[in-house]
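Read-outs: derived from the displayed coordinates by stated rules, not from any lab. Keep in mind the model is a prediction, meaning the values are calculated, not measured. We place every Cβ from the backbone using ideal geometry, glycine too, and count neighbours over all the protein chains shown.
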Amino acid sequence: MIDWNRVHELRDEIGADEFADVVDLFLEEVESEISALRERDRPDRIEARLHFLKGSALNLGFEDFAALCQTGERMASQGHANKVDITEIIEIYDQSRAAFIVGLRQSDDI
């Protein structure tokens, strides 16, 4: 669900203080996009939203979430935005976010 090696790598690259800021910014921006998806955003916006979410997720190691976003993005780009399982994407985000926060709290070196 979470690529902890990516999380550690990012933290090592930017430092602990910057990492905390990146996490805060990530959660804020992703929550904004997820909120739009929860409200059943316009179909013509889904591809762009999922592209943004996929990139953000990959940067912070949210592997399963990124994979679902990529699948949905691909479907939307092929004209099937109405078939993207937004509920599943939101559920895996919520699960990933919870696992990430728990993992951060339990880790001594993050």
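As a test of the formula, what do you get for the chain when each DSSP H run with n ≥ 4 contributes -39,500 (n - 2.57) and the sum is divided by the residue count, at 222 nm and rounded to the nearest 500 deg cm²/dmol?
Details: 5 runs with 87 residues, N = 110.
Value at 222 nm, helices only, nearest 500: -26500 deg cm²/dmol.
Considering Cα pairs under 8 angstrom that are at least six residues apart, work out the relative contact order of the chain and quote it in whole percent. List each step's numbers first, then the result.
Details: 95 pairs, mean separation 36.4, N = 110.
Dividing the mean separation by the residue count of the chain yields 33 percent.
Given a Förster radius of 30 Å and the C-beta distance between Leu27 and Arg74 as r, what FRET efficiency does 1/(1 + (r/R0)^6) yield to the nearest 0.05? Working shown, then result.
Working: r = 25 Å, r/R0 = 0.84.
FRET efficiency, Leu27 to Arg74: 0.75.
Based on Cα coordinates alone, diagonalise the gyration tensor for segment 71-110, multiply each eigenvalue by 5, take square roots, and list the semi-axes in whole Å, largest first.
Working: eigenvalues 201, 20, 3 Å².
For segment 71-110, the semi-axes come out at 32, 10, 4 Å.
For segment 28-64, run through the GluC sites (Glu not before Pro) and keep only the ones in DSSP coil with at most 10 other Cβ atoms within 10 Å of their Cβ. Mind dumping the intermediate values first?
Numbers: sites: Glu28, Glu29, Glu31, Glu33, Glu39, Glu47, Glu63; in loops: Glu39.
Here the GluC sites (Glu not before Pro) that fit, given the DSSP loop and packing criteria, are Glu39.
With +1 on the Cβ of every Lys and Arg and -1 on the Cβ of every Asp and Glu, and nothing else charged, how large is the dipole of the chain about its Cα centre, in debye rounded to the nearest 20? Spell out each step's value before the answer.
On the way: 12 positive and 25 negative charges, 124 e Å.
Dipole magnitude for the chain comes out near 600 debye.
Would you mind getting me the FRET efficiency between Ala20 and Ala48? Use the beta-carbon distance for r and R0 = 35 Å, nearest 0.05.
Numbers: r = 28 Å, r/R0 = 0.80.
The value I calculate is 0.80.
Find the eigenvalues of the gyration tensor of the Cα atoms of the chain, then list the square roots of 5 times those eigenvalues as equivalent ellipsoid semi-axes, largest first, in whole angstrom.
Working from the Cα gyration tensor, I get semi-axes of 27, 12, 12 Å.
Starting from the 7 Å offset along Cα-to-Cβ, what nm value, one decimal, do you get for the label separation of Glu13 and Glu91?
3.2
Please sort through the DSSP H helices of the chain and keep those with an alpha-carbon extent of at least 18 Å along the long axis and a Kyte-Doolittle average not below -0.5. Present the calculation step by step, with values, prior to reporting the outcome.
Working: long enough: 16-38 (32 Å, 0.23); 43-59 (25 Å, -0.42); 63-77 (21 Å, -0.27); 86-106 (30 Å, 0.34).
Span-like helices here: 16-38, 43-59, 63-77, 86-106.
Return the FRET efficiency for the residue pair Arg105, Lys83: r is the Cβ-Cβ distance, R0 is 35 Å, and the value is rounded to the nearest 0.05. Present the calculation step by step, with values, prior to reporting the outcome.
Values: r = 37 Å, r/R0 = 1.06.
Using R0 = 35 Å, I get an efficiency of 0.40.
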